[in-house]
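A.B. asks: My questions will all concern the structure given below.
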Amino acid sequence: MNIHEYQAKELLAKFGVPVPAGYAAMSVDEAVDAAKKLPGPLWVVKAQIHAGGRGKGKFSELGPDAKGGVRLAKSVEEVRANAEEMLGKTLVTIQTGAQGKQVQRLYITDGVDIAKEFYLALLVDRETGRIAIVASTEGGMDIEKVAHDTPEKIETLTVDPATGLMPHHGRAVAAALGLSGDLAKQAGKLLPQLYNAFIGTDASQIEINPLAVTEDGKLLVLDAKVGFDNNAEFRHPDIQELRDLTEEDPMEIEASKYDLAYIKLDGNIGCMVNGAGLAMATMDIIKLNGAFPANFLDVGGGASKEKVTAAFKIILSDPAVKGILVNIFGGIMRCDIIAEGIVEAAREVDLKVPLVVRLEGTNVQQGKDILAMSGLPIIAANDLGDAARKIVAEVNQAVPA
Ligand code: ADP
Ligand code: MG
């Protein structure tokens, strides 16, 4: 789960992390009120969307010369004008995809005189199984280019979970950022604050870009992106309240209600599979046969009939879906339960696209009988390869390439 920049900053501030003052605003009036509460003489009006690259982003409704999603303002009136121009518009950045994201919230914050911009991130490094600290002197809006062209300018260190964060990590980060004296001391203080925030909230990433050195010699977090481990969400009801559903895919929200692992993809073959590994293999074999999956969907090990029905409806609510492949290995999950769910859902939604089902495992014969006797035009498959070939052939027939 992700949150907005202003929420991330409020959260980090609770752990002592230095951030500029600021207020969120949902309307132009709120933006003006927020600006009045700040001292000036420089304000920043920042679009709040769950995507980075806002500074260099473009608003679809405004001309190519219009400013991006992070704007400096020198008066309250300028804050108002920018808020009027930005709210409700669609911001397209390198991270939003071409469709962009509608700006429904702004963050009005103190403008800072920046001497230098660094990059600093904490994330879960799956390769080492540790929290990694990533630091670069080349922070700011071109970090992707730095990672691509000059990766040696990005330093990574990891934290041994047995010891946790140690003072030497702070010194190493200060050295990596070329800091000495008081700034090195500030870095040594900042790192444990970020680490405590990471552990304390079960974060999966905390990305600070830029971490600024101000003209008056302070380290200050000017942009923060924080994501959380969904598996730990039950431990943090307060963080759950920060969820902004308008930023999430409606089908993924629906899926999360039923505890289904669903991710929307670009293809046209809907997949319903049990087990993440089998779901990946199913997507691979669809691709091997020259087509593309419309989604990843893992119904889990012990799904109920209701869950299968919900999964089926979610797949079908995607207009891109031109055929469905159900691939179930019944272990804990029994094939007859799956079959009942499929039949019920297919009836309820008035299935109009071809459906190929491959069942294997516990109660497979009962499952197949239920499907065969349903009177529905379900195409049975013997194994995974057979299933993929059949659904790709059906979809190609329906939508010639
Ligand atoms: P994004 O990464 O989505 O483009 P940022 O919050 O990093 O958005 O803002 C982009 C740039 O705007 C920063 O790299 C920084 O140069 C400038 N900026 C952001 N916040 C402030 C601020 N409070 N004061 C001055 N400049 C800022
Ligand atoms: Mg940034």
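The values are calculated or read from the model by the stated rules, or taken from the named source; none is laboratory data. A quick note: this is a predicted structure, and the numbers were derived from the prediction, not measured. Don't worry about glycine lacking a Cβ; one is built from the backbone with ideal geometry, like all the others, and counts go over all protein chains shown.
A.B. asks: Inspect the stretch 235-247 for any residue being of a type in the set (A, V, I, L, M), more than 16 Å from ligand 1 (Cβ to nearest atom) and under 30 Å from I338 (Cβ atoms) and give the result as yes or no.
C.D. replies: Yes.
A.B. asks: Could you go through the stretch 144-153 and let me know if any residue there is assigned by TED's automatic domain parsing to the domain that holds V221, touching a strand residue (DSSP E or B) at 6+ places or on another chain (Cβ under 9 Å) and charged (D, E, K, R).
C.D. replies: yes
A.B. asks: Give the residue that is nearest to the chain's Cα centre (by Cα), with candidates limited to residues of the stretch 10-54 that are in a loop (DSSP other than H, G, I, E, B) and either of a type in the set (D, E, K, R) or more than 15 Å from ligand 1 (Cβ to nearest atom) (or both).
C.D. replies: Selected residue: R54.
A.B. asks: Continuing with this model, one more query. Given the stretch 63-118, what strands (runs of 3 or more DSSP E) lie entirely inside it while holding 1 or more residues that are more than 16 Å from ligand 2 (Cβ to nearest atom) and free of Cβ contacts under 8 Å to residues at least 60 places away in the same chain?
C.D. replies: In the stretch 63-118, the matching strands (runs of 3 or more DSSP E) lie at 70-73, 90-92.
A.B. asks: Also: Where in the stretch 249-358 are there strands (runs of 3 or more DSSP E), lying fully within it, with 3 or more residues that are more than 28 Å from A51 (Cβ to Cβ), at pLDDT below 95 and assigned by TED's automatic domain parsing to the domain that holds P377?
C.D. replies: 323-330
A.B. asks: Regarding the stretch 210-232, can at least one residue be identified that is in contact with a strand residue (DSSP E or B) (Cβ under 9 Å, 6 or more places away or on another chain), polar (S, T, N, Q) and under 30 Å from G178 (Cβ atoms)?
C.D. replies: yes
A.B. asks: A follow-up question, please. Looking only at residues in the stretch 139-154 that are within 15 Å of ligand 2 (Cβ to nearest atom) and crowded, with 17+ Cβ neighbours inside 10 Å, which one is farthest from L190 (Cα to Cα)?
C.D. replies: Top of the filtered list is V146.
A.B. asks: Any idea which residue in the stretch 1-38 is surrounded by the fewest Cβ atoms within 10 Å (Cβ to Cβ), counting only those that are charged (D, E, K, R) and within 18 Å of A224 (Cβ to Cβ)?
C.D. replies: K14
A.B. asks: Would you be able to tell me the number of residues in the stretch 39-57 that are more than 16 Å from ligand 2 (Cβ to nearest atom) and surrounded by fewer than 20 Cβ atoms within 10 Å (Cβ to Cβ)?
C.D. replies: Counting residues in the stretch 39-57 that are more than 16 Å from ligand 2 (Cβ to nearest atom) and surrounded by fewer than 20 Cβ atoms within 10 Å (Cβ to Cβ) gives 4.
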